[in-house]
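A.B. asks: Quick one: the structure is below, questions incoming.
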Ligand code: UDP
Ligand code: MG
């Protein structure tokens, strides 16, 4: 079977959502009229999600199921789905029906214009303002500013990717929301289309407010990887040089006071600061050098090139 589209959906304890998801998704995809596969990644559900998925698969073999041994998280779910996907276009979605499958044709129409990534943008979000939409607004601004990939809704799972984009990003931790930013490393064109957001009908959300802090920390990782992954010494060493220089200047000033003016400097806080700055500076430079070695190992062990080719003309 040749699939043109792969729909990748991580799913954790969503038993009641499975049949409605099957009905809605099948109807939407029938309308699209292209060969497709749906890859559901059961992320270690403890309810009877797997039994229901099995029933769906037996009815419709286009629905494939990957079942994790335990709950590895949504990012691992996406990752497993990407590895298994055989279509040229990969569409991701949540399993809880908050995303609306009827938006898929719109995503595909935008992809047909030549984009590598088309991101859903939930314009009418149904979730509470203070605990969900506000943190998300701030996160979207921060991520857009820090990564240079401006999106209104990084958190929306409904997105479409050209297959080679998702096959080439390696995801860790909870980085799935950063895929468009991480992929920008290889040079991708990104578009947004407004999509429908619906309230959850069955089951509960798997996340709380502490996700906000993790997203912020992850942003630091992503920003560093994007900007400095192949030249970590430039950031650590740069910082180290500035700190050391400040420390040395302060030290020289104190030496001058001691030697030329003959004053006591042993009790001056400035002396401590000078020592602190030099020590910190040296440490920063050392961390940068270590990071350089780690980075080289990372690339060479994985055989990971530091560039991505789009076309080649001639050998
Ligand atoms: N999910 C998952 N593994 C997890 C947590 C969530 O596969 O550890 C799935 C979940 O079943 C749903 C999607 O990820 O399909 C989004 O989760 P949820 O709806 O809880 O997040 P929210 O919409 O509240 O941000
Ligand atoms: Mg949800």
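The values are calculated or read from the model by the stated rules, or taken from the named source; none is laboratory data. Remember, it's a predicted structure, so these values are computed and weren't measured experimentally. Cβ sites come from the backbone with ideal geometry, for glycine too, and all protein chains shown count toward neighbours.
A.B. asks: Mind checking which residues of segment 140-170 are within 16 Å of ligand 2 (Cβ to nearest atom) and under 19 Å from residue 217 (Cβ atoms)?
C.D. replies: Within segment 140-170, 154, 155 meet the criteria.
A.B. asks: For residue 120, are the conditions met, namely being touching a helix residue (DSSP H, G or I) at 6+ places or on another chain (Cβ under 7 Å) and surrounded by 21 or more Cβ atoms within 10 Å (Cβ to Cβ)?
C.D. replies: Values: touching a helix residue (DSSP H, G or I) at 6+ places or on another chain (Cβ under 7 Å): yes; surrounded by 21 or more Cβ atoms within 10 Å (Cβ to Cβ): yes.
Spelling it out, residue 120 is indeed touching a helix residue (DSSP H, G or I) at 6+ places or on another chain (Cβ under 7 Å) and surrounded by 21 or more Cβ atoms within 10 Å (Cβ to Cβ).
A.B. asks: On to the next question. Just one of (1) assigned to a loop (DSSP other than H, G, I, E, B); (2) touching a residue at least 40 places away in the same chain (Cβ under 8 Å); (3) surrounded by 19 or more Cβ atoms within 10 Å (Cβ to Cβ); (4) touching a helix residue (DSSP H, G or I) at 6+ places or on another chain (Cβ under 6 Å) trips up residue 156, so point out which.
C.D. replies: Every condition holds for residue 156 apart from (4).
A.B. asks: A further question follows. Six or more apart or on different chains, Cβ atoms under 9 Å: show the pairs whose first residue is in segment 179-208 and within 24 Å of residue 71 (Cβ to Cβ) and whose second is part of a strand (DSSP E or B).
C.D. replies: 179/92; 179/117; 179/159; 179/161
A.B. asks: Does residue 213 qualify as being farther than 20 Å from residue 78 by Cβ, within 16 Å of ligand 1 (Cβ to nearest atom) and in a helix (DSSP H, G or I)?
C.D. replies: Details: farther than 20 Å from residue 78 by Cβ: yes; within 16 Å of ligand 1 (Cβ to nearest atom): yes; in a helix (DSSP H, G or I): yes.
Considered against the rule, which asks whether it is farther than 20 Å from residue 78 by Cβ, within 16 Å of ligand 1 (Cβ to nearest atom) and in a helix (DSSP H, G or I), residue 213 comes out as yes.
A.B. asks: In segment 164-178, what residues are assigned to a helix (DSSP H, G or I), surrounded by fewer than 17 Cβ atoms within 10 Å (Cβ to Cβ) and touching a residue at least 12 places away in the same chain (Cβ under 8 Å)?
C.D. replies: Filtering segment 164-178 for residues assigned to a helix (DSSP H, G or I) gives 164-168, 175-178.
Next, only the ones that are surrounded by fewer than 17 Cβ atoms within 10 Å (Cβ to Cβ) stay: 164, 167-168.
Within segment 164-178, 167, 168 qualify.
A.B. asks: Test of understanding: among 80, 85, 30, which residue is more than 16 Å from ligand 2 (Cβ to nearest atom) and over 21 Å from residue 162 (Cβ atoms)?
C.D. replies: Numbers: 80 fails: over 21 Å from residue 162 (Cβ atoms); 85 fails: over 21 Å from residue 162 (Cβ atoms).
Being more than 16 Å from ligand 2 (Cβ to nearest atom) and over 21 Å from residue 162 (Cβ atoms) holds for just one of 80, 85, 30, which is 30.
A.B. asks: So which residues in segment 95-106 are surrounded by fewer than 23 Cβ atoms within 10 Å (Cβ to Cβ) and away from ligand 2 (no atom under 16 Å from the Cβ), if there are any at all?
C.D. replies: The initial filter retains those residues of segment 95-106 that are surrounded by fewer than 23 Cβ atoms within 10 Å (Cβ to Cβ), namely 97-98, 100-103, 105-106.
Result: 102, 105, 106.
A.B. asks: Could you figure out which of (1) closer than 29 Å to residue 144 by Cβ; (2) in contact with a helix residue (DSSP H, G or I) (Cβ under 6 Å, 6 or more places away or on another chain); (3) at pLDDT 95 or above; (4) not in a helix (DSSP H, G or I) isn't true of residue 125?
C.D. replies: It is condition (3) that residue 125 fails.
A.B. asks: What helices (runs of 4 or more DSSP H) lie completely within segment 5-113 and have 2 or more residues being within 22 Å of the chain's Cα centre (by Cα)? Don't jump to the end; show me each part of the working.
C.D. replies: Values: elements: 15-32, 49-59, 74-84, 104-112.
Qualifying helices (runs of 4 or more DSSP H): 74-84, 104-112.
A.B. asks: Next up: Quick check on my filter: what residues within segment 121-137 are under 24 Å from residue 191 (Cβ atoms), over 18 Å from the mean Cα position of the chain (by Cα) and more than 11 Å from ligand 1 (Cβ to nearest atom)?
C.D. replies: 123, 124, 133
A.B. asks: Can residue 268 be described as surrounded by fewer than 17 Cβ atoms within 10 Å (Cβ to Cβ), in contact (Cβ under 8 Å) with a residue 40 or more places away in the chain and more than 30 Å from residue 306 (Cα to Cα)? Don't jump to the end; show me each part of the working.
C.D. replies: On the way: surrounded by fewer than 17 Cβ atoms within 10 Å (Cβ to Cβ): yes; in contact (Cβ under 8 Å) with a residue 40 or more places away in the chain: no; more than 30 Å from residue 306 (Cα to Cα): yes.
Spelling it out, it is not the case that residue 268 is surrounded by fewer than 17 Cβ atoms within 10 Å (Cβ to Cβ), in contact (Cβ under 8 Å) with a residue 40 or more places away in the chain and more than 30 Å from residue 306 (Cα to Cα).
A.B. asks: Out of all the residues in segment 217-248, which are in a helix (DSSP H, G or I), away from ligand 1 (no atom under 16 Å from the Cβ) and within 26 Å of residue 138 (Cα to Cα)? Spell out how you get there, then give the answer.
C.D. replies: Going residue by residue through segment 217-248, those that are in a helix (DSSP H, G or I) are 217-228, 232-248.
From what's left, away from ligand 1 (no atom under 16 Å from the Cβ): 217, 219-228, 232-248.
Across segment 217-248, the qualifying residues are 217, 219, 220, 221, 222, 223, 224, 225, 226, 227, 228, 235.
A.B. asks: Would you mind telling me which numbered condition in (1) surrounded by 17 or more Cβ atoms within 10 Å (Cβ to Cβ); (2) more than 16 Å from ligand 2 (Cβ to nearest atom) residue 12 fails?
C.D. replies: Going through (1) surrounded by 17 or more Cβ atoms within 10 Å (Cβ to Cβ); (2) more than 16 Å from ligand 2 (Cβ to nearest atom) one by one, residue 12 breaks only (2).
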